[in-house]
Every structure is written in C-alpha cells, then in structure tokens.
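What follows is a set of notes on a single structure, which appears directly below.
The values are calculated or read from the model by the stated rules, or taken from the named source; none is laboratory data. Given the structure is predicted, the values throughout are model-derived calculations rather than measurements. Ideal geometry is used to build each Cβ from the backbone, glycine not excepted, and the neighbour counts take in all protein chains shown.
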Amino acid sequence: MGCIVVTIDGPAASGKTSVSRGLAQKLGWKWVSTGAFYRGLGYMAQQTQVDIKNEDELVALVKSDNWSVQMNDENTNFIFNDQDVTEFIFQEEVGTLASQVSGYPKVREALLEAQRALASEDYNLVAEGRDCGSVVFPTAPLKVYLTARSESRAQRRAEEQGKDLESTIEAQKQRDQQDASRKAAPMQVPEGAHVIDTSELTLDQVVQKVEDLVQKHIN
Ligand code: DC
C-alpha cells in the first residue's frame, strides 16, 4: 500500500507553492516544497563559503548532518546548525543560488533520499517542485503541472517581494532558462500530468481544480 502522494510541479511563480499548500490544508494532508532543499543548500554554501561551482563540495554539504527539512502547514522549514533559517532561504537571491546548485546531477542524487523519506505510510502528501512527478515520486497516482504566462508570474513574484517588475522578469527568465536546460532532471511536464494554466485563475480556483482531480482520480 503506502501513502498517497500528489505531485505539483511547474516553473517559478506559477503558483505551485500557494496551490499545493492550500490543497494540503483543505485535504488535511502533509505538504512539502522541495525547493527548500535546493534553497537550503544554496544558503549553506553561501554561509560556509563553499564554492557554488564545486559539485563535490556541495555534495559533501548535503551529506553533512547539520541540516534538516521540516514540514508544517504554512512553510517548509530549513534548519541549519540548529537554527531555523527559513526566512532567509526564500529570498530571491537564494533562489538564484538554488537554481545553480540544482544543476549538478550528484547534488540532485544526494538530495533524493531525504526528499523521498518525507513520504510515509502514516499520512498522505502533496509534494511540490520541478521534478516531483518525474523523478522524486514517479509512481504518484496524480501529477499536476502548473504553468502561467511569464508576465503573470513575474507580476505575482514582484508583488510578493516588493520588487520592480522589470528586474523580476529578468531574474525569472534566467532561472527558467537554467532550470529547463540543465542536463540533470530538467524541468518538464511529467508523463501523464494534468496541465493547468493559472494565468487567468485565482488561487482558490486553482486549488478547487486540483481538488476536483484528487476526488476524481484518488477517492
Ligand atoms: O520552487 P523554488 O523556487 O523554491 O525552487 C528553487 C530552485 O530549486 C529552482 O530554481 C530549481 C530548484 N528546484 C529543483 O531543481 N527541483 C525541485 N524539485 C525544486 C526546486
């Protein structure tokens, strides 16, 4: 048997974090934003002055036991040296570092076990990221891929972070390009995924659409 995992993937600011969190809250399921693993690693590298281009040193950081990821209803928390550093890892600058470290196959491989360990027989899980449906949980019974026009995505991100639209569009373009063109687990629509364009939809509407899919495919 095992627990039910629903995966929600998509590009930056497609709404996947808010949607997956909202869905998990509605269903009373656990929720993880797997970007926290890559963001946390980018943050640790920055703090410990590990060269962001040195794959082996990044892997050594992953294998160190001074970090952990904790799931809760509102956030995916990152703990480093016994300190909760969640508020720092979600800054845009750390997002860029996360995107860079996520391009290394050995880094992805090293993080995989910890990501999969979040699924348990004891609860159902909504997992959000770039490769949750394709690599982390390939046997998930329901896979969703959210997309949105790049202007809508940048607008959302700029509003969330109080940044100007133009620099947000530029940063987002670079990150999308990096995430989609990397050799290891490039961002892609997983086979069999339901694609939802969120450009013209409110958060509640998207959550409702995914919940309808859950009812249809799982219950
Ligand atoms: O979803 P996010 O913005 O928190 O992700 C930050 C970066 O982490 C993203 O640019 C690429 C990487 N990432 C990944 O490669 N695979 C995932 N499953 C989640 C995130």
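For Glu109, state whether it is assigned to a helix (DSSP H, G or I), more than 9 Å from the ligand (Cβ to nearest atom) and within 26 Å of Ser167 (Cα to Cα).
No: the conditions fail for Glu109.
If we keep just the residues of region 18-32 that are crowded, with 20+ Cβ neighbours inside 10 Å and among the aliphatic types (A, V, I, L, M), which is nearest to Glu160 (Cα to Cα)?
Val19
Does Ser14 meet the test of being within 16 Å of the ligand (Cβ to nearest atom), in contact with a Ser or Thr (Cβ under 7 Å, 6 or more places away or on another chain) and at pLDDT 95 or above?
When the stated conditions are applied, Ser14 does not pass them.
Just the residues that are in a helix (DSSP H, G or I) and either in contact with a Gly (Cβ under 7 Å, 6 or more places away or on another chain) or of a type in the set (Phe, Trp, Tyr) (or both), please, taken from region 90-99.
Correct list: Val94, Leu97, Ala98.
What's the total number of residues in region 37-79 that are surrounded by fewer than 15 Cβ atoms within 10 Å (Cβ to Cβ) and within 19 Å of the chain's Cα centre (by Cα)?
5
So that you can scan it fast, the table gives a plain yes or no per residue for (1) at pLDDT 95 or above; (2) touching a Cys at 6+ places or on another chain (Cβ under 9 Å); (3) loosely packed, with under 13 Cβ neighbours inside 10 Å:
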residue	(1), (2), (3)
Asn81	yes, no, yes
Ile89	yes, no, no
Glu121	no, yes, yes
Asn124	yes, yes, no
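Of these, Asn124, Asn75, which one is touching a Lys or Arg at 6+ places or on another chain (Cβ under 9 Å) and within 14 Å of the ligand (Cβ to nearest atom)?
Asn75
Among the residues of region 8-49, write down those that are touching a residue at least 24 places away in the same chain (Cβ under 8 Å), under 25 Å from Val59 (Cα atoms) and of a type in the set (Ser, Thr, Tyr).
Ser33, Thr34, Tyr38, Tyr43
Cβ-Cβ under 6 Å, sequence separation 6+ or interchain: first residue in region 174-192 and more than 17 Å from Leu146 (Cβ to Cβ) and in contact (Cβ under 8 Å) with a residue 12 or more places away in the chain, partner in a helix (DSSP H, G or I) and near the ligand (Cβ under 9 Å from one of its atoms). Which pairs?
Here the result reads Gln178/Ser99; Ala184/Arg108; Ala185/Arg108; Ala185/Val135, each pair linking region 174-192 to a residue that is in a helix (DSSP H, G or I) and near the ligand (Cβ under 9 Å from one of its atoms).
Which ones in region 50-75 are under 17 Å from Glu113 (Cβ atoms) and touching a residue at least 40 places away in the same chain (Cβ under 8 Å)?
Selection gives Leu58, Val59, Val62, Lys63, Val69, Met71.
Matching residues to (1) near the ligand (Cβ under 10 Å from one of its atoms); (2) not polar (S, T, N, Q):
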site: Gln25; (1), (2): no, no
site: Ser33; (1), (2): yes, no
site: Tyr38; (1), (2): yes, yes
site: Asp51; (1), (2): no, yes
site: Val59; (1), (2): no, yes
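Would you call Val32 in contact with a helix residue (DSSP H, G or I) (Cβ under 7 Å, 6 or more places away or on another chain), aliphatic (A, V, I, L, M), at pLDDT 95 or above and within 30 Å of Val207 (Cα to Cα)?
No: the conditions fail for Val32.
Check region 194-216 and report whether any residue there is within 16 Å of the ligand (Cβ to nearest atom), under 20 Å from the mean Cα position of the chain (by Cα), among the hydroxyl-bearing types (Ser, Thr, Tyr) and farther than 13 Å from Val144 by Cβ.
no
Being acidic (Asp, Glu) and exposed (fewer than 13 other Cβ atoms within 10 Å of the Cβ) is the filter here, so list the residues in region 160-199 that pass it.
Passing the criteria: Asp164, Glu166, Glu170, Glu191.
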